[in-house]
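**Student:** Handing you this structure, nothing more for now.
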Amino acid sequence: MYDPLVVGVSAGLSAAAVAGLAAGGCAYAAMWPASQLFGRTLIAPARPGELALTFDDGPNPAWTPRLLEVLASHDVRATFFLVGRYAQAEPALVRRIVAAGHLIGNHSWSHPNLAFAAAGRVEEELTRTSQTLEQIAGAPVGYFRPPFGGRRPEVLRAARRLGMAPVLWNAMTSDWSEPSADRVTEKLAATIERMERRGRAANIVLHDGSHLDMAANRGPSVAAAGQLMARYQGSHRFVTVDAWGG
Ligand SMILES: [Zn+2]
């Protein structure tokens, strides 16, 4: 049943929600990270002071190893939502992530927007990725983040059927296109502190890879992760998303 830790639990579609969907609210329900209209997702619990660093679109042979060094230097564990086909190409790197104590999750096989994918494709994207990650890491995968946050009820049901909790986020900036690590850090810090004023933990997204370009520069994202750890380590607790249930 519903986990009391989850933000914005929706026990069903209200009349207003149905009217909103009919009027074009589908885009909101399918893409907006905080929407619960298409099913329950894990975002961040009412635990101000807890921070989950999550990294999407890896593993990436250029940036993930650098990120692992930065995380190790701060003795912080993070959550990595891995693209299945990249994991298949870099199994040793996946094992290194797991061996360092980080949590890995499913971020689909090829990073399509699953809000618009046929049911068979959704199933294949999720199943193939979980099987690949489980073969490499030797443990079940319990968390799934939809690419672009794109979803509809079938996507969330497929994830649950495969034993995964769908995870969205509440702190993101366009780190993938921002050349300044300082600006990434400042924007995320502003969001983290806004969430804290609302009594919430922060579920922070950064990218250690790219679904479009393996050679994309993720230096600012990795550096921003280091800056956030340095800034908050004394006053906050860094957790992996499994600390928040599912
Ligand atoms: Zn992604």
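The values are calculated or read from the model by the stated rules, or taken from the named source; none is laboratory data. Since the structure is predicted, the reported quantities are computational estimates derived from the model, not experimental observations. As a convention, Cβ positions derive from the backbone with ideal geometry for all residues, glycine included, and neighbour counts pool all protein chains shown. What goes into the accessible areas is simple: the full protein's heavy atoms, side chains included, and nothing from ligands, DNA or RNA. Shrake-Rupley method; radii C 1.70, N 1.55, O 1.52, S 1.80 Å.
**Student:** Identify, please: which residue in segment 199-221 is away from the ligand (no atom under 16 Å from the Cβ) and part of a helix (DSSP H, G or I) and is, among those, surrounded by the most Cβ atoms within 10 Å (Cβ to Cβ)?
**Tutor:** Pro220
**Student:** Suppose we filter segment 103-131 for residues that are within 16 Å of the ligand (Cβ to nearest atom) and either within 17 Å of Ala89 (Cα to Cα) or outside any loop (DSSP other than H, G, I, E, B) (or both); how many remain? Reasoning before the result, please.
**Tutor:** Our first condition is that a residue be within 16 Å of the ligand (Cβ to nearest atom); within segment 103-131, this holds for 104-117, 122, 125-126, 129.
Filter again for either within 17 Å of Ala89 (Cα to Cα) or outside any loop (DSSP other than H, G, I, E, B) (or both), leaving 104-111, 114-116, 122, 125-126, 129.
The qualifying residues number 15.
**Student:** Just one of the numbered conditions (1) out of contact with any Gly (no Cβ under 6 Å at 6 or more places or on another chain); (2) open to solvent by 20 Å² or more (accessible area, probe 1.4 Å); (3) over 30 Å from Pro48 (Cβ atoms) is not true of Ala117; which one?
**Tutor:** (2)
**Student:** If you take the residues in segment 112-161 that are of a type in the set (A, V, I, L, M) and over 22 Å from His207 (Cβ atoms), which one is nearest to the chain's Cα centre (by Cα)? Even if it seems obvious, please write down each step before you answer.
**Tutor:** Initially, segment 112-161 is screened for residues of a type in the set (A, V, I, L, M), giving 114-115, 117-119, 122, 126, 133, 136-137, 139, 141, 155-156, 158-159.
If we keep only those that are over 22 Å from His207 (Cβ atoms) too, we end up with 118-119, 122, 139, 156, 158.
On the way: Ala118: 22, Ala119: 22, Val122: 18, Ala139: 19, Leu156: 14, Ala158: 17 Å.
Ranking the candidates gives Leu156 first.
**Student:** Here's something else I'd like to know. Of the residues Leu53, Leu93, Leu42, which single one is at pLDDT 95 or above and under 20 Å from Ala224 (Cβ atoms)? So that I can check it myself, show each step before the final result.
**Tutor:** Working: Leu93 fails: under 20 Å from Ala224 (Cβ atoms); Leu42 fails: under 20 Å from Ala224 (Cβ atoms).
Testing whether each residue is at pLDDT 95 or above and under 20 Å from Ala224 (Cβ atoms) leaves just Leu53.
**Student:** For segment 68-82, which residues satisfy the criterion of being more than 16 Å from the ligand (Cβ to nearest atom) and more than 21 Å from Met195 (Cβ to Cβ)?
**Tutor:** Leu68, Glu69, Val70, Leu71, Ala72, Ser73, Asp75 - these are the residues of segment 68-82 that are more than 16 Å from the ligand (Cβ to nearest atom) and more than 21 Å from Met195 (Cβ to Cβ).
**Student:** Here is a further query. Taking the condition open to solvent by 50 Å² or more (accessible area, probe 1.4 Å), among the acidic types (Asp, Glu) and under 21 Å from Ser110 (Cβ atoms), does Glu125 pass?
**Tutor:** Values: open to solvent by 50 Å² or more (accessible area, probe 1.4 Å): no; among the acidic types (Asp, Glu): yes; under 21 Å from Ser110 (Cβ atoms): yes.
Criteria not met by Glu125.
**Student:** Would you be able to say whether some residue in segment 134-147 is within 12 Å of the ligand (Cβ to nearest atom) and either open to solvent by 10 Å² or more (accessible area, probe 1.4 Å) or part of a loop (DSSP other than H, G, I, E, B) (or both)?
**Tutor:** Yes.
**Student:** Residue by residue through segment 30-88, note down the ones that are basic (Lys, Arg) and touching a residue at least 60 places away in the same chain (Cβ under 8 Å). Spell out the reasoning first.
**Tutor:** Residues of segment 30-88 basic (Lys, Arg): 40, 47, 66, 77, 85.
Residues satisfying the conditions are Arg40, Arg47, Arg66, Arg77.
**Student:** Regarding segment 83-91, can at least one residue be identified that is within 15 Å of the ligand (Cβ to nearest atom), among the aliphatic types (A, V, I, L, M), more than 15 Å from the chain's Cα centre (by Cα) and closer than 22 Å to Leu168 by Cα? It would help to see each step written out before you state the result.
**Tutor:** As a first pass, look at segment 83-91 and keep what is within 15 Å of the ligand (Cβ to nearest atom): 83-87.
Okay, now just the ones that are also among the aliphatic types (A, V, I, L, M), so 83, 87.
If we keep only those that are more than 15 Å from the chain's Cα centre (by Cα) too, we end up with 87.
Within this subset, residues satisfying the condition of being closer than 22 Å to Leu168 by Cα are 87.
Scanning segment 83-91, I find at least one residue that is within 15 Å of the ligand (Cβ to nearest atom), among the aliphatic types (A, V, I, L, M), more than 15 Å from the chain's Cα centre (by Cα) and closer than 22 Å to Leu168 by Cα, so the answer is yes.
**Student:** With (1) over 27 Å from Cys26 (Cα atoms); (2) crowded, with 19+ Cβ neighbours inside 10 Å as the list, and Pro179 as the residue in question, which single condition is left unmet?
**Tutor:** It is condition (2) that Pro179 fails.
**Student:** Restricted to segment 156-176, and to residues that are in contact with a Pro (Cβ under 6 Å, 6 or more places away or on another chain) and not in a loop (DSSP other than H, G, I, E, B), which residue is nearest to the ligand (Cβ to nearest atom)?
**Tutor:** So the residue we want is Ala159.
**Student:** I would also like to ask the following. Return the residues of segment 222-246 that are open to solvent by less than 30 Å² (accessible area, probe 1.4 Å), more than 17 Å from Trp169 (Cβ to Cβ) and aliphatic (A, V, I, L, M); say none if nothing qualifies.
**Tutor:** Of everything in segment 222-246, those that are open to solvent by less than 30 Å² (accessible area, probe 1.4 Å), more than 17 Å from Trp169 (Cβ to Cβ) and aliphatic (A, V, I, L, M) turn out to be Val222, Met229.
**Student:** Filter segment 50-67 down to the residues that are under 12 Å from His102 (Cα atoms) and either within 13 Å of the ligand (Cβ to nearest atom) or open to solvent by 10 Å² or more (accessible area, probe 1.4 Å) (or both) and list them by number.
**Tutor:** Thr54, Phe55
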